[in-house]
Amino acid sequence: MDLRDLYRDVILDHNRQPRNFGRLDAADAEADGHNPLCGDRLHISMRMDGDRIGDVRFEGQGCAISVASASLMTEAIRGRTRAEFEALFSAVHALLTEHDHVPGRDLGKLAALGGVREYPARVKCASLCWHTAHAALERAGAPVSTE
Ligand code: ZN
């Protein structure tokens, strides 16, 4: 399966049946994201488990790429630490923007987002959820520890 087929199948699947769609009650971290170029709007909410993302949901309205990317992201980041999230964010950003990019790590289904490189105008659609989740984590502040 080449990247274009993978891209189309994964985007269609996650747009039709978004995973982790909704909003968490009593979230520890939340942020809104807006991509004015396309009109995509997302809300990301997370519950932290120490330094890990214990649970994550997204909701909003946008194009197929923004919705599918957010759905893929929620699956990929649940259970990750902040540092792991940032590393994944960097890897996805490189995947989306560097034309001759060779993934340095196994991105799993996120690799399908590499198909967005064919459509430079849509890079912001695909990266909106990552920027929004990053903002939510920044706002959540440092984890509290009693030890
Ligand atoms: Zn869009």
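Mean sequence separation of contacting Cα pairs (under 8 Å, at least six apart), scaled by the length of the range 3-142, corresponds to a relative contact order of 30 percent. Each residue in Lys124, Lys109 was given a count of other beta-carbon atoms within 10 angstrom of its own, and listing them fewest first yields Lys109, Lys124. On the principal axes of its alpha carbon atoms, the chain extends 49, 31, 24 Å, with the longest extent given first.
Every read-out reported here was derived from the displayed coordinates using simple, explicitly stated rules and does not represent laboratory data. All of these numbers come straight from a predicted model, not from anything done at the bench. Note that we place each Cβ from the backbone using ideal geometry, even for glycine, and neighbour counts take in every protein chain shown.
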